[in-house]
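Here's the structure we're looking at; comments come further down.
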Amino acid sequence: MPNATLSEIDAFLERNARSTLLRFSTAGSVDDGKSTLIGRLLHDSKNVYEDHLRALQAVPTEGADSNELPLALLTDGLKAEREQGITIDVAYRYFSTPKRHFILADTPGHEQYTRNMATGCSTANLTILLIDAEHGVITQTKRHAFIASLLGVPRLLITVNKMDLVDYSQSVFNRIKEDFLGFAGKLGIRELRFIPVSALRGENVVTSSGLMPWYKGETVMEYLENVYVAGDTNMVDFRFPVQYVIRPNPNYRGYAGQIAAGAIRVGEEVMVLPSLRKSRIKSIDTRRAGSERSQVEEAFAPMSVAITLEDEIDVGRGDMLVRTHNVPRIQSQFEAMLVWMSDVPMDPDKPYLIRHTSRESKIFIDAINYKVDVNTLHRTTGTPLQLNEIGRVGLTAAKPLMLDSYRKNRATGNFILIDTATFHTVGAGMILDSLPQELLPLGQGATELMEQGRVSTNIHPEEGAITKEARESQAGFRAVTLWFTGLSGSGKSTIAKGLERKIFTEGRPIYRLDGDNLRFGLNRDLGFSRKDRSENIRRAAETARLFNQAGISVICSFISPFKADRDRAREIIGADSFIEVHIDSPIEVCESRDPHGLYSKARAGEISEFTGISSPYEAPLNPEVSVRTDQHSVEESVNIIYVYLQKSTSL
Amino acid sequence: MLAGKQTLSHLEQREAESIHILREVAAQFERPVILYSVGKDSSVLVRLAQKAFHPGGIPFPLLHVDTSYKFKEMYEFRDQFVNEIGAKLIVYRNEKALAENANPHDLGTRRCCDLLKTQGLLDALKEGNFDAAIGGARRDEEKSRAKERVFSFRDKFGQWDPRNQRPELWGLYNGHINPGESIRVFPLSNWTELDIWTYIHVEKIPVVPLYLSKKRRMVVRGDQLIPVQDATSLQSGEEGQDVVCRFRTLGCTHCTGAVKSTADTIPGIVQEMMVVRTSERATRIIDHDAEGSMETKKREGYF
């Protein structure tokens, strides 16, 4: 608009400010002409700057048609990549037309593909998938479609490229379309579109092709400009993860965050999770672009706002505001699809950090149910994930999380895993429904069952409960867990019984848990595999935590040979209430005692995975108390622990 | 497509995302700082920070890494602007290099920039013990920035390794660092030059008057239009002339070229942008030093 009047420019600015945004990603390798397609989109929609174009013309190209600009170079970024002739990371491009603004995540096609494509797809409203008309649907096509569906991209635009090399043949296009539909039906992608193009020649990219009169549909750009995506955001389930508390003065306490889903109005009742306290929305503070007002009556996703509540209740980062009758699952155990993003393989024995909305917790990967081979889409056995591998996993977090399935809510169903030492982002996860779909009985209303699953797992701690502190103060003793670890035959049970009696006499409420009494009841479904042993310990820790909550101290007597399991027990029970006691004795001494004849059986090979013989014992590095039972008598050992308990837990 | 009821326009979405990022910084870091360059992107960044923490103040100081070779108008604007919004401003100059007479004439633009900007920035961050530095860089500015993360990891030496960046998915930003490491944060990553001007227009954000056209004393050098500040600006055989022009980006006087333009209002600038088809960094001399020069500078710690 070289000669536009000022009022025309104002009108343009007004319209420009109000136009919508489309985020999309591309998938396909250099050979499919992906970079050429993007270059063509930018070039033909006049989104390439002249100096960039000049730089392009200066690039020497080998064997290329001199009339065809190396459009692919417009999107090839870093020096190292240009030298290698490949792109290795996600590159973002920005362009706009008079109708819409676009953010393109361009993802490369080589080794680190899954990781990069997952990144690009995570925020995309649609993915453009390229198929080379000469090659048709190949393994890579399926892999790309699967990753896009895994990341919940609502729509795929399949561009059948290089139509110029197949004489713009309608039958070639139709065959590829049928092939793709035959395979993609299983993926459950909401919307599929097919467009025949020649990116190199610019056919059907921005302008319609005269060479394919049989194709009556939109060009790629027309589709991008007009596709409706406002429905992609979940506008039903209000979810507001609290990011930060704004407290400029004692009279103002604003909970700042970006609305992840749904909408809310001033005056509506909300519940704070996980505390379950209720209040009403007092104000919604935000100033929308160009507006003079600093408050709104209603706010919706994805607005960034600050919310104040009618009541003074404790709310902080990591909490979530929801409607009282529409709450997510509050759980610490769940299943997810996980993409591994680190060069260092997954280690199921160590804790990771999870970032889920604004909430963080330590988390363990309990189970790898299966892996998905991205090339065949077959399931393989669950071994720890390596870089670019995808698997279905079970996880247990140290804190309860407010969970929605990714299928229902992309914004609150996602998470990342972070290494606790290097702090690298190592995994990206998508939360699954509480009941695995494949386990639901066929023929029954799956959704209904799913809802029941939600309800039964959605257990809310009672409000106004008597606190642990109140119970402790009434009893006059703090409630703690003494966690005994040591080899079989080291004297754990004997010392535990002696100590229990001594503490009981003193008047402190005390109970003793050991492997045998739990395995007869609560844990009778568990065996002695690594996984079952972990679960045995986890349940014991949960049980001890309940006793502690009730004001009763616990002595837990378990071999608990693995440090990771004991660390998790410490997480569950709470570091303040957890006292690790190493009942220490050389294995020769234990073996000579052999109260149940287990060592001789293990030596004879009758028992496999026996701690100290055929399975390792990881001694505690820094226990609160350690007693050497080959050097101290039972009575002395009891006394050492008793004195520590007295000193460390006086009220 | 225009935004309807219960949908946000692209500009509102960009605004909401940037505010989210700024709040993440406040929540995840102990000592963040905003790198304030006095330019238009900095002005937008500061406005977004005001919104993010309203009705509270901006919970981080502004840091201006000053080379001492900026335009007079920039210093005036900076002091007035910071005073008006009531923010805390830290000005850092590499005094050691300046005392040794670091200047673009003797050292060349590349070396001068290394000392006064790159080294100055690293020293300032170290001195302030800042664990997060928020900058106004955008991915659309330059090729090597297209792959930049919103939370960009820097090692103990402030250096950027493109192969050692964390995957960034959804709106989840991982700001965990070990002692000595730091994060550069780019809340405007997803904004374009046009978005910046549109936002400045609708939000009525003040900018340095150098962005607007008027008659200025300039020297024509190759493709570039360089301001004549004093006698040292001219090389032998060159002569100053009056040119109606404006600046698309603001850097140091020796290294920032102007463009011929009659755009003397913000809508006028936007109108011009619809016609002028060169990228804004085309007027920055350092980008042309060598193929891939921006990437090399970034590895060393330049923004």
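For the stretch A:534-625, state which chymotrypsin sites (Phe, Trp or Tyr not before Pro) are in a DSSP loop and have at most 11 other beta carbons lying within 10 Å of their beta carbon.
none
Based solely on its DSSP helices, what 222 nm [θ] is calculated for chain A when runs of n ≥ 4 H residues each add -39,500 (n - 2.57) and the sum is averaged over all residues, nearest 500 deg cm²/dmol?
The helix-only estimate for chain A comes to -8500 deg cm²/dmol at 222 nm.
Using amide H atoms built in the peptide plane, which far-off residues or other-chain residues are under 5 Å from A:Ile128 H to H?
Amide H neighbours of A:Ile128: A:Ser25, A:Thr26, A:Ala27, A:Leu157.
Which is the longest stretch in chain A that no exposed loop site breaks, taking sites as trypsin sites (Lys or Arg not before Pro) with a DSSP loop state and at most 14 other Cβ atoms within 10 Å?
A:47-189
Just tell me which aspartates and glutamates come within less than 19 Å, Cα to Cα, of A:Lys216; anything on the same chain fewer than 8 places away is out.
A:Asp164, A:Asp167, A:Glu178, A:Glu191, A:Glu203, A:Glu225
Report the FRET efficiency, 1/(1 + (r/R0)^6), for A:Val344 and A:Arg524, where r is their Cβ-Cβ distance and R0 is 45 Å, rounded to 0.05.
Calculated transfer efficiency: 0.75.
Could you work out the relative contact order of chain B? I mean the mean sequence separation of Cα pairs under 8 Å and 6+ apart, divided by the number of residues, in percent.
19
Just rank A:Glu472, B:Glu73, fewest to most, by other beta-carbon atoms within 10 angstrom.
The most exposed by this proxy come first: B:Glu73, A:Glu472.
Return the FRET efficiency for the residue pair A:Arg265, A:Arg190: r is the Cβ-Cβ distance, R0 is 30 Å, and the value is rounded to the nearest 0.05.
It comes out at approximately 0.55.
Percent relative contact order of the stretch B:127-284, based on C-alpha pairs within less than 8 angstrom and at least six residues apart?
Value for the stretch B:127-284: 21 percent.
Can you list the HN-Hα couplings for the stretch A:91-100, worked out from phi with the Karplus curve (6.51, -1.76, 1.60; θ = phi - 60°), rounded to whole Hz and with x for Gly and Pro?
Residue by residue, the stretch A:91-100 yields 10, 9, 10, 10, 8, 8, 10, x, 8, 7 Hz.
Amide H to amide H under 5 Å from A:Met320: which residues, 5+ apart in sequence or cross-chain, H placed 1.01 Å off N in plane?
Correct list: A:Val242, A:Leu273.
Can you give me the long-range amide H partners of B:Ile134? Hydrogens built in the peptide plane at 1.01 Å from N, cutoff under 5 Å, separation of 5 or more residues or another chain.
Placed amide hydrogens put B:Val33, B:Ile34, B:Leu35, B:Val185 under 5 Å from B:Ile134.
Using Cα atoms only, what is the angle between the long axis of helix A:492-506 and the major principal axis of chain A, expressed in degrees (0 to 90) to the nearest 10?
Compared with the principal axis, the helix lies near 70 degrees.
Do you know the relative contact order of chain A, to the nearest whole percent, from alpha carbon pairs under 8 angstrom that are 6+ apart?
About 8 percent, as a whole number.
So which GluC sites (Glu not before Pro) in the stretch A:582-651 end up in coil per DSSP with only 12 or fewer other C-beta atoms within 10 Å?
A:Glu606
Need the full-extension length gain, A:Asp630 to A:Asp594, defined as separation in residues times 0.36 nm minus the C-alpha distance. One decimal, nm.
Separation in residues times 0.36 nm, less the Cα-Cα distance, equals 11.6 nm.
Could you pull out the chymotrypsin sites (Phe, Trp or Tyr not before Pro) across the stretch B:131-216 that fall in loop regions by DSSP (anything but H, G, I, E, B) with no more than 13 other Cβ atoms inside 10 Å?
B:Phe157
Work through the residues other than A:Ser294 whose Cβ is under 11 Å from its Cβ and net out their charges, Lys, Arg +1 and Asp, Glu -1.
Overall, the nearby charge balance is +2.
I need the phi-derived Karplus couplings for the stretch A:423-431: 6.51 cos²θ - 1.76 cosθ + 1.60, θ = phi - 60°, integer Hz, Gly and Pro marked x.
6, 5, 7, 10, x, 10, x, 10, 6
Hey, which of these cross-link pairs are over 32 Å Cα-Cα: A:Lys563/A:Lys647; A:Lys46/B:Lys214; A:Lys362/B:Lys40; B:Lys88/B:Lys260?
Where the Cα-Cα span goes over 32 Å, the pairs concerned are A:Lys362/B:Lys40; B:Lys88/B:Lys260.
Round to the nearest 0.05 the FRET efficiency obtained for A:Ile313 and A:Lys647 when R0 = 41 Å and r is the Cβ-Cβ distance.
With R0 = 41 Å, the Cβ-Cβ based efficiency is 0.65.
What list of ³J(HN,Hα) couplings, whole Hz, do you get for the stretch A:588-601 from phi and the Karplus terms 6.51, -1.76, 1.60, once you set θ to phi - 60° and write x for glycine and proline?
Calculated HN-Hα couplings, in order: 4, 5, 4, 5, 6, 6, 5, x, 10, x, 6, 4, 5, 5 Hz.
Fewest Cβ neighbours within 10 Å first, please rank A:Asp514, A:Asp31 accordingly.
Ranking A:Asp514, A:Asp31 by Cβ neighbours within 10 Å, fewest first, gives A:Asp31, A:Asp514.
FYI, it's all coordinate maths here, none of it is from the lab. All of these numbers come straight from a predicted model, not from anything done at the bench. Methodologically, a virtual Cβ is constructed for each residue, glycine included, from the backbone with ideal geometry; neighbour enumeration extends over all protein chains shown.
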